[in-house]
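Please read the structure below before turning to the comments.
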Amino acid sequence: MRCDRALADQGTLRGGLAAFGWPPVGYDSVTPARTGVADRNLHLRSALTGALNNQMVEYQKQDLDQVFHALADPTRRAMVRQLASGQQTVTELARPYEMSLAAASKHLKVLEGAGLMTRIVQGRSHRCSLDPRPLAQALAWLRSYSDFWDERLDVLDELLSTRAARKDLNERD
């Protein structure tokens, strides 16, 4: 989906390839043609694959950054909580915060940009719904660090228990 957006932003396939780092730095368009079709295809495939892989990492990082940025604001977190209970209009989302519809809409655009909500326009009414998929990705990222810290804290707990047991033994002697 992000690739489609990048291609649409560039307007053409040729511009789209530039968005993915094609041609790569140091690419010589003459050399691969001289070495034969198989070598040229391998060169092209590896150059494009590397550029696309790097772009996917950047897009995934950007998505996660946008999710955490959106959730960094307490008003937007509360709006996500509201959306978890079901579809709501912009007016319904703005009501608890005593803010203008324009201010609420700015918050919602940040949530929408992070992929946390979708908006359906029906006439003048904008109905918003929560999309939990980015939250699941953020949770998976946080869980990887949770496991890391659980292991470290278990080691610390064991170390402190051992020291406390040694101290008790030394005090008895």
query = Check THR89: other-chain or 5+ apart residues with amide H under 5 Å from its amide H, H built from backbone geometry?
reply = CYS128
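With a probe of 1.4 Å, find how much accessible area segment 76-173 has per residue, and write the answer as a whole number in Å². Please list the in-between numbers first.
Values: 7130 Å² over 98 residues.
The answer is 73 Å² per residue.
In what sequence, largest accessible area first, do SER125, SER85 appear using a 1.4 Å probe?
Numbers: SER125 40, SER85 95 Å².
So the residues, ranked largest to smallest area, are SER85, SER125.
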request  = With a cut-off of 15 Å, note down the residues of segment 134-163 whose backbone N falls inside the zone around a label point 7 Å from the Cα of ASN170 toward its beta carbon.
outcome  = 160-163
remark   = Which residues qualify? For MET117, with a placed amide H closer than 5 Å and at least 5 residues away or on another chain, they are GLU112, ASP131
request  = Quick one: dipole size for segment 58-132, taken about the Cα centre, charges +1 on Lys/Arg Cβ and -1 on Asp/Glu Cβ, in debye to the nearest 20.
outcome  = 260
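The values are calculated or read from the model by the stated rules, or taken from the named source; none is laboratory data. Here the structure is a predicted model, which means the values were calculated and not measured. Heads up, the Cβs are rebuilt from the backbone with ideal geometry, glycines too, and the neighbour counts pull from every protein chain shown. Accessible surface areas use protein heavy atoms only, side chains included; no ligands, DNA or RNA. Shrake-Rupley method; radii C 1.70, N 1.55, O 1.52, S 1.80 Å.
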